[in-house]
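Trainee: One structure coming up, written as structure tokens, with questions to follow.
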Amino acid sequence: MSIGYAQPSHSTMTLSPNGEFLFVDDLGSGKIKMLRVADGTLVQEIGVNSIDQVSSMCVSPDGGELFVAYQMGRIKVFQL
């Protein structure tokens with residue numbers, strides 16, 4: 001399934017624990033896109049710092065928070 005976001009500009013992706021959502025770092029845009037896996041629908045765009053590149057991310061076990069680690073050593077938590 002192609003969802004239109006799998007371009008070389010993406011560096012980091014992670015799935016929600018239940019597999020319902022895919023989070024994709026859209027390099028250079030300052031946003032992480034939350035996509036519904038079943039149909040590729042864009043559910044939400046989460047604004048992140050576009051200057052400090054995302055190095056990794058994960059979703060809390062209950063699916064309520066997105067943890068984003070930046071290459072400069074910062075970690076930010078976003079409520080979902």
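Trainee: Only residues that are in a loop (DSSP other than H, G, I, E, B) and either surrounded by fewer than 16 Cβ atoms within 10 Å (Cβ to Cβ) or at pLDDT below 85 (or both): list them for the stretch 66-80, please.
Mentor: From the stretch 66-80, those in a loop (DSSP other than H, G, I, E, B) are 71-74, 80; that's our starting set.
Within the stretch 66-80, Q71, M72, G73, R74 qualify.
Trainee: Could you list, in sequence order, all residues of the stretch 22-54 that are of a type outside the set (A, V, I, L, M) and over 16 Å from V68 (Cβ atoms)?
Mentor: Selection gives R36, D39, G40, T41.
Trainee: Further question: Can you name the condition, by its number, that G63 falls short on among (1) under 14 Å from L15 (Cα atoms); (2) surrounded by 15 or more Cβ atoms within 10 Å (Cβ to Cβ); (3) touching a residue at least 24 places away in the same chain (Cβ under 8 Å)?
Mentor: (2)
Trainee: Scan the stretch 28-43 for residues that are closer than 15 Å to L15 by Cβ and either surrounded by 15 or more Cβ atoms within 10 Å (Cβ to Cβ) or in contact with a Phe, Trp or Tyr (Cβ under 7 Å, 6 or more places away or on another chain) (or both) and report the count.
Mentor: Adding up the residues that qualify gives 7.
Trainee: If you go through the stretch 23-64 one residue at a time, how many are acidic (D, E) and assigned to a strand (DSSP E or B)?
Mentor: 3
Trainee: Just the residues that are of a type outside the set (D, E, K, R), over 20 Å from G19 (Cβ atoms) and either within 11 Å of the chain's Cα centre (by Cα) or at pLDDT 95 or above (or both), please, taken from the stretch 31-54. If you could, list the steps in order and put the result at the bottom.
Mentor: Kept after step one, since they are of a type outside the set (D, E, K, R), are these residues of the stretch 31-54: 32, 34-35, 37-38, 40-44, 46-51, 53-54.
After this cut, where a residue has to be over 20 Å from G19 (Cβ atoms) as well, the list is 47-51, 53-54.
Those that are of a type outside the set (D, E, K, R), over 20 Å from G19 (Cβ atoms) and either within 11 Å of the chain's Cα centre (by Cα) or at pLDDT 95 or above (or both): G47, V48, V54.
The values are calculated or read from the model by the stated rules, or taken from the named source; none is laboratory data. Keep in mind that what you see is a predicted model, and the values were worked out from it rather than measured. All Cβ positions, even for glycine, are placed from backbone atoms using ideal geometry, and neighbour counts span all protein chains on display.
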